[in-house]
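These notes concern the structure reproduced below.
The values are calculated or read from the model by the stated rules, or taken from the named source; none is laboratory data. Source: prediction; values computed, not measured. Cβ coordinates were reconstructed from backbone atoms using ideal geometry, including for glycine residues, and neighbour counts include every protein chain displayed.
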Amino acid sequence: MKIGSGDCGELTFLDSLAIIGFCVGLQNLDLNLAQEDLDNQTQELDARLKAVVDDIHRHLKAQDAKIDMILEALK
């Protein structure tokens, strides 16, 4: 039974690198999933923040219009 890619089935340097890379990939799998969750949460928070900022902007714009009307009435 040949396991490696060497002439007689022995493990070569490239086989060792492939195995190490696979192990590192498995160890990073949780980190990658956590990063994806973090990215999703960041996008959700960005959308909420934009909605709140837009609401504040509308409120301030309405206040500016009211202040302008008061100033005109005082003149």
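A few remarks follow.
- Test for A73: is it in a helix (DSSP H, G or I) and either touching a residue at least 40 places away in the same chain (Cβ under 8 Å) or loosely packed, with under 10 Cβ neighbours inside 10 Å (or both): yes
- Given (1) among the hydrophobic types (A, V, I, L, M, F, W, C); (2) within 29 Å of I3 (Cβ to Cβ); (3) surrounded by 10 or more Cβ atoms within 10 Å (Cβ to Cβ), number of the condition A34 does not satisfy: (2)
- Cβ-Cβ under 6 Å pairs, at least 6 apart or on other chains, the range 5-19 side assigned to a loop (DSSP other than H, G, I, E, B) and among the charged types (D, E, K, R), far side surrounded by 11 or more Cβ atoms within 10 Å (Cβ to Cβ) and at pLDDT below 80: E10/G4
- Filter result for D39 (surrounded by 10 or more Cβ atoms within 10 Å (Cβ to Cβ), charged (D, E, K, R) and more than 13 Å from the chain's Cα centre (by Cα)): no
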